[in-house]
1. Based on a Kirkwood Rh over C-alpha pairs, give the Stokes-Einstein translational diffusion coefficient of the chain at 25 °C and viscosity 0.890 mPa s in µm²/s.
2. Which of the DSSP-defined H helices in the chain satisfy a minimum axial length of 15 Å, computed from C-alpha atoms, and a minimum mean Kyte-Doolittle hydropathy of -0.5?
3. Can you tell me which of 76-87, 207-218 comes out highest on packing, and rank the rest after it, using the mean Cβ neighbours within 10 Å?
4. What aspartates and glutamates sit close enough to Lys229 to cross-link, taking a C-alpha to C-alpha distance under 14 Å and skipping anything fewer than 8 places away on the same chain?
5. Which of the peptides 396-402, 267-273, 143-149 is most tightly packed, and how do the rest follow, judged by the mean count of other Cβ atoms within 10 Å per residue?
6. Let me have the 222 nm mean residue ellipticity of the chain computed from DSSP H runs of 4+ only, each contributing -39500 (n - 2.57), with the sum over all residues rounded to the nearest 500.
7. Find the relative contact order for the chain and round it to a whole percent, using C-alpha pairs within less than 8 Å whose residues are 6+ positions apart.
8. Counting only protein heavy atoms, what percent of the accessible surface of the chain is carbon or sulfur at a 1.4 Å probe?
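The values are calculated or read from the model by the stated rules, or taken from the named source; none is laboratory data. Bear in mind the structure is a predicted one, so any value in this text is a computation, not a measurement. Note: ideal-geometry Cβ built from the backbone for every residue, glycine included; neighbour counts use all protein chains shown. We work out accessible area using only protein heavy atoms, side chains counted, and drop any ligands, DNA or RNA first. Shrake-Rupley method; radii C 1.70, N 1.55, O 1.52, S 1.80 Å.
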Amino acid sequence: MKLNLIKRITLVSLAILTMTAFHTAEKDGWQSKFVTLNADGSLTYHADAQGNILPDFSMVGYHQNDVPIPDVPVVKTIEAPKDGNATQVIQDAINEVSKMTPDANGHRGAVLLKKGVYKVPDSLRINTSGVVLRGEGMEKGGTVIVAAGAGQRTLLHITGSGAVREVNGTRVKITDDFVPVGAKSFNVQSAAGYKVGDRIILYRPSPENWIHDLKMDQIVARKDTKQWKAGEYDMHYERTITKMDGNKVYIDNPVVMQIDANYGGGAIYKYTFNGRISEVGVENIAFESDYARDDDENHGWIAIDMRNLENGWVRSVSSRYFGYACVSIDGGARNVTVTNCKCTDAKSQITGGRRYSFNVTGQLNLVMNCHTEDGRHDNVTGARVCGPNVFYNNTATHTHADAGPHHRWATGTLYDNFVSDGEINVQDRGNMGSGHGWSGVTQVLWNCTAKDAAVQKPWVSGTNYNIGFHGSHDAGHFKDRMDGEWEGENKNGLQLQSLYMAQLNARHAGK
């Protein structure tokens with residue numbers, strides 16, 4: 001009852017905000033040619049010549065942001081040791097709670113670390129669903145966990161096991177010659193073995209002719225440059241069937257990369273993911289690392305790493321002095337929310353492979369209301385990332401590189417109201433690194449502010465968008481690449497102010 005009341009209040013508040021935004025747009029602002037807000041709070045998407053529209057990014061994060069992050073009851077409390085190694089006392093508490101019976105929502109309980117300093121010269125691990133690690137504050141005087149001593153490592157591993165496994169005999173081809181970005185339906189050879197509620201993989205192959213037309217087998221080589229190869233860039237998007245009409249299948253989250261019969265088409269198949277964990281959270285903790293000097297790299301590297309996890313969260317957490325990241329959402333992690341976190345004072349060399357403050361490789365994840373200082377790639381995705389993913393209302397200062405998709409084809413990312421004193425780029429990175437190439441497609445910058453931005457259009461398979469950007473228009477690493485879709489550069493008054501919030505509100509209101 002209480003949860004339903006909170007949800008109703010939230011929906012009413014969002015509806016009021018949307019109506020206010022609509023009237024403001026009518027009077028003072030401008031609306032994008034790609035999506036417009038209607039008087040009833042619904043959105044109208046305007047397709048390009050191929051039928052592509054901006055994707056719906058609203059179903060990311062913890063339980064698709066349909067319910068608030070829970071306040072899981074404390075079942076185990078520990079005090080900070082007066083001195084010495086705190087690894088065992090924390091790990092024992094996690095292990096004890098891991099053996100408890102979960103409630104109807106899958107929660108076993110929270111381990112509460114009272115205020116104080118906890119020195120951990122090793123690593124901590126949560127490998128079981130329903131466990132929450134909670135402190136009493138992310139600021140000075142709160143709960144501080146220190147990666148003590150030397151050794152490059154992750155301080156807290158949140159890790160399930162297993163991987164996506166295709167159910168034999170379930171793969172069927174998509175019969176449409178072309179499925180545009182933003183679509184939530186398509187036709188298959190036979191839907192006889194499927195039903196509403198089935199979890200499926202939407203599969204998009206990477207044949208040789210696609211690699212060639214993308215020119216990623218023609219990267220100008222330098223030392224260690226790797227040309228892209230067919231089959232290495234197959235994309236596997238996790239989706240759920242919401243409706244069926246004969247052999248037409250409807251899915252919950254949209255297509256974020258064009259499916260084209262000329263490039264191998266696409267398919268769907270059922271899958272299992274045995275060993276993936278869920279309902280794990282980290283809250284109200286300051287993570288710190290010992291270090292020897294500003295460019296030291298033999299110390300804590302990642303504060304929190306999340307893998308093979310579904311419906312998890314990190315909120316009100318800070319990290320200081322780590323070399324790589326505050327939170328890294330890695331392979332097999334989906335529907336994770338990271339909110340109200342800070343990553344500051346990184347200690348490492350300032351060069352490649354360091355300072356990826358909030359890093360996303362999984363899919364359907366949300367990083368919001370987070371701040372970074374002294375990072376390199378502050379809001380960043382890795383290689384072959386399956387969207388949607390969203391970075392919303394984040395800030396970055398004293399940056400040493402750029403935000404955005406870093407390398408090798410991230411798909412379907414929204415950077416919404418991101419503010420940085422550095423760069424945000426979506427481009428062909430060519431032989432940077434070991435051959436980064438095209439960093440991504442269907443990358444949407446919405447109402448962002450940065451020193452400058454390069455947003456380019458790949459040779460094939462779609463485009464990238466920069467709507468309402470404030471900053472300088474950069475030509476990018478290669479000056480001869482085509483621009484993506486730019487609209488309203490340095491123009492005030494963009495409505496919708498936030499694409500993500502407008503999409504979330506419209507979905508919750510059933511518009």
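1. Details: Rh = 23.5 Å.
Here the translational diffusion coefficient equals 104 µm²/s.
2. Numbers: long enough: 2-27 (38 Å, 0.65); 87-98 (16 Å, 0.02).
Once both thresholds are applied, what remains is 2-27, 87-98.
3. Working: 76-87: 14.2, 207-218: 17.0.
Packing proxy ranking, top to bottom: 207-218, 76-87.
4. Lys229 reaches Glu208, Asp213, Asp217.
5. Working: 396-402: 20.3, 267-273: 18.3, 143-149: 23.3.
For the peptides 396-402, 267-273, 143-149, the packing ranking is 143-149, 396-402, 267-273.
6. Values: 4 runs with 54 residues, N = 511.
Value at 222 nm, helices only, nearest 500: -3500 deg cm²/dmol.
7. Numbers: 1484 pairs, mean separation 72.4, N = 511.
The normalised contact order for the chain reaches 14 percent.
8. Numbers: 9580 of 19870 Å².
For the chain, the apolar C and S fraction of the accessible surface comes to 48 percent.
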